[in-house]
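S.K.: Quick one: this structure, given as structure tokens, is what I'll be asking you about.
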Amino acid sequence: MIRVEAAYVLAGLIFGAIAVFSARDSGNPKRWNNTAFWGLFALSFLAGGRLGNFGNGLLVLAMVLIGGLGGIGLSKPATTTPEEREASSLRWGSKLFLPVLAIPITALVGTLVFKAVKIAGAPLVDPKQVTVISMALGVVIALAIVMAMLRPPLSAPPQEARRLMDTVGWAAILPQLLASLGAVFALAGVGDAVGELIHRFLPVDTPFAAVATYCIGMALFTMIMGNAFAAFPVLTAGVGVPLIVHRFGGDPAIMGSIGMLAGFCGTLMTPMASHNIVPTALLQLPGGAVIRAQTPTALLVLTGNILLMYLLVFRF
Amino acid sequence: MLSLLGILVVVVGLAARFNPIVVVTAAAIVTGLAGGLDLVTIVSTFGKAFNDSRYISLVFLVLPVIGLLERYGLQARARTLIGQLRSATVGRLLLAYLFIRQVTAALGLLSLGGHPQMVRPLIAPMAEGAEENLRGPPGDKRRQLIRAFSASADNVGAFFGEDIFIAFGSVLLIQAVLEQNGLIAAPLHISLWAIPTAILAFVVHGVRLLLLDRSLARPDKTSAAPEPDQ
């Protein structure tokens, strides 16, 4: 059976190549930081399963020290000039979209097809990770199309990948770090403490107050954790279930559904979310630009969520 | 209650503009120590969760392809293409993308969009192209505004579409958390109740995108060239 580890090997090879080219880039004053950071990320993908939990922990700490305190230098690998790009876009036209589209199409078709393919009774591809594995396959196909069609020098794929990865920089590992923070929070009992805090200091004695506390709590906690998935178990066990469901008789499905969406409003407003950090880096925007564009929408939709939940959750 | 110190670390750390990956790591260590865990357990828990969540970072696999295509003028092509659409404006283009992103996410096709795959190579250049078509090359402030709204259309569409798809992670997480608390809810039921908010989010952000066209149509004080005789 093909597991997600196959995609990890591909990622490991790409990050490994980025590390090697970083080491050879004498124009970047921080080149050894870049080399170590991407090299460790490659190691995580290639050998994370064999390092043990403590070993992986040390690897993460090293990456945080290098990326967060030492800093990643922004490299300038040789690429094409704007004029060359203009000329090339005229030459190739809309054929340039073909490889971009190959990735989602392969992901889509693969997800549908691989689920049905069985060899000797066992599924060919791990059904739990079939979309991610299909996407990785799409990347391989897209790379093959690019190499055959455009015939770039062999050093171009890792160099162009490095150009973009260096703009993302340390933010590349933030989503995984937030998942790790969530695991430590769970083990240390932060959820229970938040619930206790709310019960002690917030007078939640009307259905509306319960709904507002739950929704605003979801948004705020999501902003801190950078991720609604980490906030949801905490606020649902601490506020939603005891107050909205048990005390005031609300419907659990409606509460859960709208509660998660209230959390997503928090994601739109937090500098912790990769959804805001990655585009800020990739589009070369000043910090906070994406959040500023999203905050009015987030606040209006959050208000709407409170009203919707209040109107619906006690009625159905 | 001491374990809440970690939350304080996050809030203070971000407010003081420390690097987020350092803040998150410090918060984990403080939380663990305050919660009575020893350092080895904290580091091991941190490492295990990092390793288990590697699939999140597989989105970066697309960057070699995107980078190569940029080298050959992908973004320039996206700009040219939108230039041929006379009625295209930044707001209308992003509204169309918001709609497509939300509908495809609701059908479970979350991987069709995203910042590395779609926004950087296609959507943002197209939006800039539409503006260039109408009023000439935008100044820095306007370019940043257009790019930030391009990213926002992707986020809003994805967030408020994905919960309608019943087999998506968040619906299953909602179901699992409710179950841990002794409550039974069907995934279909959970996903259906995401629809009112989805419509609301589309209307709110859609109107804001169209209003963006209006504010772009006003003369730009910040980046306009100074009057020649002043």
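The values are calculated or read from the model by the stated rules, or taken from the named source; none is laboratory data. Being a predicted model, the structure only gives us computed values, none of them experimental. For neighbour counting, all protein chains shown are included, and Cβ atoms are generated from backbone atoms with ideal geometry for every residue, glycine included.
S.K.: Go through the residues of the stretch B:27-41 one by one and say whether even a single one is surrounded by 22 or more Cβ atoms within 10 Å (Cβ to Cβ), touching a Phe, Trp or Tyr at 6+ places or on another chain (Cβ under 9 Å) and either closer than 25 Å to residue A:281 by Cβ or of a type in the set (Phe, Trp, Tyr) (or both).
M.R.: yes
S.K.: Can I ask one more? For the stretch A:237-255, does any single residue satisfy the condition of being closer than 26 Å to residue B:6 by Cα, assigned to a helix (DSSP H, G or I) and touching a Phe, Trp or Tyr at 6+ places or on another chain (Cβ under 6 Å)?
M.R.: Taking every residue of the stretch A:237-255 in turn, at least one turns out to be closer than 26 Å to residue B:6 by Cα, assigned to a helix (DSSP H, G or I) and touching a Phe, Trp or Tyr at 6+ places or on another chain (Cβ under 6 Å).
S.K.: Counting only residues that are free of Cβ contacts under 8 Å to residues at least 24 places away in the same chain and not in a loop (DSSP other than H, G, I, E, B), which one in the stretch A:281-297 is surrounded by the fewest Cβ atoms within 10 Å (Cβ to Cβ)?
M.R.: That would be A:296.
S.K.: I've got another one for you. Test residue A:308 against the criterion of being assigned to a loop (DSSP other than H, G, I, E, B) and without any contact (Cβ under 8 Å) to a residue 60 or more places away in the chain, and give yes or no.
M.R.: Spelling it out, it is not the case that residue A:308 is assigned to a loop (DSSP other than H, G, I, E, B) and without any contact (Cβ under 8 Å) to a residue 60 or more places away in the chain.
S.K.: Let me ask another. Assess whether residue B:114 counts as being of a type outside the set (A, V, I, L, M, F, W, C) and touching a residue at least 12 places away in the same chain (Cβ under 8 Å).
M.R.: So residue B:114 fits the description; yes.
S.K.: For residues that are buried (at least 21 other Cβ atoms within 10 Å of the Cβ) and more than 8 Å from chain B (Cβ to nearest Cβ), scanning just the stretch A:111-136, find the one that is modelled with the lowest pLDDT.
M.R.: A:130
S.K.: Among A:7, A:23, A:19, which is the only one that is within 25 Å of residue B:19 (Cβ to Cβ) and under 22 Å from the mean Cα position of the chain (by Cα)?
M.R.: Answer to the selection: A:19.
S.K.: For the stretch B:6-55, how many residues are under 29 Å from the mean Cα position of the chain (by Cα) and in a helix (DSSP H, G or I)?
M.R.: Of the residues in the stretch B:6-55, 31 are under 29 Å from the mean Cα position of the chain (by Cα) and in a helix (DSSP H, G or I).
S.K.: Determine whether the stretch A:200-208 contains at least one residue that is crowded, with 24+ Cβ neighbours inside 10 Å, part of a helix (DSSP H, G or I), of a type in the set (Phe, Trp, Tyr) and in the same structural domain as residue A:294 (by TED's automatic domain parsing).
M.R.: No, the conditions are met nowhere in the stretch A:200-208.
S.K.: Another question, then. So how many residues does the stretch B:54-68 have that are surrounded by fewer than 24 Cβ atoms within 10 Å (Cβ to Cβ), in contact (Cβ under 8 Å) with a residue 12 or more places away in the chain and within 7 Å of chain A (Cβ to nearest Cβ)?
M.R.: So the count comes out to 1.
S.K.: When the stretch B:151-190 is examined, which residues are found to be closer than 23 Å to residue A:275 by Cβ, in a helix (DSSP H, G or I) and facing chain A (nearest Cβ under 7 Å)?
M.R.: Residues satisfying the conditions are B:151, B:152, B:155, B:156, B:159, B:160, B:170, B:173, B:174, B:177, B:190.
S.K.: Only residues that are of a type in the set (Val, Ile, Thr) and either in contact with a Gly (Cβ under 7 Å, 6 or more places away or on another chain) or free of Cβ contacts under 8 Å to residues at least 40 places away in the same chain (or both): list them for the stretch A:82-117, please.
M.R.: Selection gives A:103, A:105, A:106, A:109, A:111, A:113, A:117.
S.K.: Name the residues in the stretch A:214-245 that are at the interface with chain B (Cβ under 7 Å from one of its Cβ atoms) and not small (Gly, Ala, Ser), would you?
M.R.: Across the stretch A:214-245, the qualifying residues are A:224, A:229, A:232, A:233, A:236, A:241, A:245.
S.K.: Here is a list: A:311, A:300. Which entry is within 8 Å of chain B (Cβ to nearest Cβ), farther than 30 Å from residue B:64 by Cα, hydrophobic (A, V, I, L, M, F, W, C) and surrounded by fewer than 22 Cβ atoms within 10 Å (Cβ to Cβ)?
M.R.: A:300
S.K.: List every residue pair whose Cβ atoms lie under 9 Å apart, where the two residues are 6 or more positions apart in sequence or sit on different chains, the first residue falls within the stretch A:246-269 and is more than 7 Å from chain B (Cβ to nearest Cβ), and the second residue, located anywhere, is of a type in the set (Lys, Arg).
M.R.: Cβ pairs passing all conditions: A:251/A:315.
S.K.: To continue, here is another question. Please list, ordered by first then second residue, the pairs with beta carbon atoms under 7 Å, 6 or more apart or interchain, first in the stretch B:183-211 and within 22 Å of residue B:88 (Cβ to Cβ) and in the same structural domain as residue B:146 (by TED's automatic domain parsing), second of a type in the set (Gly, Ala, Ser) and surrounded by 14 or more Cβ atoms within 10 Å (Cβ to Cβ).
M.R.: Short answer, once both residue conditions are applied: B:209/B:91; B:209/B:153; B:210/B:91.
S.K.: I'd like to verify a number: residues in the stretch B:82-130 that are of a type outside the set (Val, Ile, Thr), modelled with pLDDT of 85 or more, assigned to a helix (DSSP H, G or I) and under 30 Å from residue A:80 (Cα atoms), how many?
M.R.: The number of residues fulfilling the criteria is 17.
S.K.: Looking at (1) more than 10 Å from every other protein chain (Cβ to nearest Cβ); (2) surrounded by fewer than 16 Cβ atoms within 10 Å (Cβ to Cβ); (3) under 30 Å from residue B:13 (Cβ atoms), which one does residue A:69 not meet, given that it meets all the others?
M.R.: Exception for residue A:69: condition (1).
S.K.: Now a separate question. Within the stretch A:89-103, does at least one residue satisfy the condition of being under 26 Å from the mean Cα position of the chain (by Cα), modelled with pLDDT under 85 and closer than 22 Å to residue A:139 by Cα?
M.R.: no
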